[in-house]
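Single-structure report; data block below.
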Amino acid sequence: MTSGVKLRLAALGTAIAIMGGLIAFVTLYSLRQFADLRVKINEVNAQSSSMAEHFKDKLREGSDKLTHLRNTGDASAWADFLKASDELKAWIQNQIAGPVTPHESEILHQMIALYPDYLQVAGEVQQAIQTAGPDKNLPPDLTDKLGQTRRRLFDLSEDLSKAHLDLKNQLGAEAHRLLWRLGATILGALALLFLSGIALAVFVYRDMIAPLRSKLVATHAMVEQQEKLASLGLLAAGVAHEIRNPLTAIKAALFTQQKKFAPGSPEHSDVKVVEREITRLERIVNDFLQFARPAEPEPVVMAADLLLLETKLFFAPQLESRRIQMILEPSAPMHVNVDPAQMKQVLINLVQNAADSIGQDGAITLRACPSRKPLLNGGHSAVLLEVADTGRGIPAEAQKRLFDPFFTTKENGTGLGLSIAARIVQKHGGILQYKTQVNHGTTFGILLPQANT
């Protein structure tokens, strides 16, 4: 697992953990607010009944004392009335100083403002009783005035109850809003958590499971290919042995017979043709053996551009006659750990194919550049050696079998050049790749692990 993958995985995990913690915090905070709100509602419920009922009880108690005075003329009844009135007034003032809402405070102040009128009317009633005597009819206007004042006080007590009820409704609405916010917050956080989970699953599949799956498929295919090549190697060794012995005998006999014919004679020309064909057969057998049983590389650390420079110097003179220009692009210093002879063989094969594709009048460009493409060993620090030509390109039907052994589009080709090149690159832990466009050219790339110097 690369550091970038680990970093992204850690970031996603941290984000999910933070969102989980946020959900827990919001839930606990909201539950605490609900608990505080419930306490407030219970207090309001208690106060809404106790405050109004206490005021009414005290007002009735004073009224009873006044009624007792009216019926009996007892002077102590008036003293009891004044005592009850003072207690009620003190109680109202205490309520104003306590934790009440602005509306409740306004109603209590109206009670305080109205209370002197009530006491004044009560005093007039007391004087009328003293004058007329007990159990006498009081003047109607005085009775009406006392009743109106008392009703106004009772109405204010009802207003006080309604104010408490309004506060209760307000707290209920606040609880409803809090519940809605909590639900919306939790749903939003859960949605983000769900999306983060999906992103994590996609990330794990894309950056971890899919590459492992591709690598597993590639490894399985490589193992199958290695098994086939091992069997082919045994077959190749036997076939090469059986072919080389007769070829050696034929070549020796041909060398003896060649001396018997004069140079320029038809017989001498025929001998030359046979000699060339024997040489071609030997090359085919050697290629076949190299493909089936390639030699193990003996790598050394060397500059990437040095490989390209030596390839250019090798081909430039012979391609000049065909008006094919060899171009070596400058590059930053980079090193690779390769077998020089084997890697030159790969580059020579690629340049020769490029020249054959061009024919005449064209250009072959050699370049080296850093790459971050994945290698067979899972690394991403690589050097890309490219051979780009301006030739005919590779047809689509030929691309499907480009690296197949013995597949060739050349008249005298063996079909093993690219197969051998691909195996050599593979032995170095690299990848041989290409991109092509018909009638515009082809670029072959040798992707190799970058060496530390």
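Within segment 436-453, work out how many residues are part of a strand (DSSP E or B) and either under 18 Å from Lys373 (Cα atoms) or among the basic types (Lys, Arg) (or both).
8
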- Task: Check whether at least one residue in segment 337-349 is open to solvent by 20 Å² or more (accessible area, probe 1.4 Å), more than 16 Å from Ala421 (Cβ to Cβ) and touching a strand residue (DSSP E or B) at 6+ places or on another chain (Cβ under 7 Å), and report yes or no.
- Result: yes
- Of the residues in segment 32-42 that are exposed (fewer than 11 other Cβ atoms within 10 Å of the Cβ) and at pLDDT 70 or above, the one that is nearest to Leu182 (Cα to Cα) is Arg32
- Message: Taking the conditions exactly as written (assigned to a helix (DSSP H, G or I), closer than 30 Å to Val217 by Cβ and acidic (Asp, Glu)), does Glu386 satisfy them or not?
- Response: no
- When you scan segment 398-430, how many residues do you find that are touching a residue at least 24 places away in the same chain (Cβ under 8 Å), among the small types (Gly, Ala, Ser) and surrounded by 19 or more Cβ atoms within 10 Å (Cβ to Cβ)? 4
- Query: Does segment 412-430 hold any residues that are in a loop (DSSP other than H, G, I, E, B) and more than 36 Å from the chain's Cα centre (by Cα), and which are they?
  - Reply: Asn412, Gly413, Thr414, Gly415, Leu416
- Task: Look at Gly393 and say whether it is touching a residue at least 24 places away in the same chain (Cβ under 8 Å), among the small types (Gly, Ala, Ser), open to solvent by less than 60 Å² (accessible area, probe 1.4 Å) and not in a strand (DSSP E or B).
- Result: yes
- Message: Can you confirm whether Gln433 is within 26 Å of Val301 (Cβ to Cβ), assigned to a strand (DSSP E or B) and either free of Cβ contacts under 8 Å to residues at least 12 places away in the same chain or of a type in the set (S, T, N, Q) (or both)?
- Response: yes
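Within segment 131-153, can you find the residues that are open to solvent by 50 Å² or more (accessible area, probe 1.4 Å) and in a helix (DSSP H, G or I)? Explain how you work it out, then say what you get.
First, pick out the residues of segment 131-153 that are open to solvent by 50 Å² or more (accessible area, probe 1.4 Å): 131-132, 134-137, 139-141, 143-145, 148, 150-152.
Selection gives Thr131, Ala132, Pro140, Asp141, Thr143, Asp144, Lys145, Gln148, Arg150, Arg151, Arg152.
Within the group Gln352, Gln325, Gln345, which residue is over 26 Å from Glu298 (Cα atoms) and either small (Gly, Ala, Ser) or more than 44 Å from the chain's Cα centre (by Cα) (or both)?
Numbers: Gln352 fails: over 26 Å from Glu298 (Cα atoms); Gln345 fails: over 26 Å from Glu298 (Cα atoms).
Of the residues listed, the single one that is over 26 Å from Glu298 (Cα atoms) and either small (Gly, Ala, Ser) or more than 44 Å from the chain's Cα centre (by Cα) (or both) is Gln325.
The values are calculated or read from the model by the stated rules, or taken from the named source; none is laboratory data. Note that the structure is a prediction, hence the values are computed from the model and not measured. Positions of Cβ are backbone-derived with ideal geometry, glycine not excepted, and every protein chain shown enters the neighbour counts. In case anyone asks, the SASA skips ligands and DNA or RNA and just uses the protein heavy atoms, side chains included. Shrake-Rupley method; radii C 1.70, N 1.55, O 1.52, S 1.80 Å.
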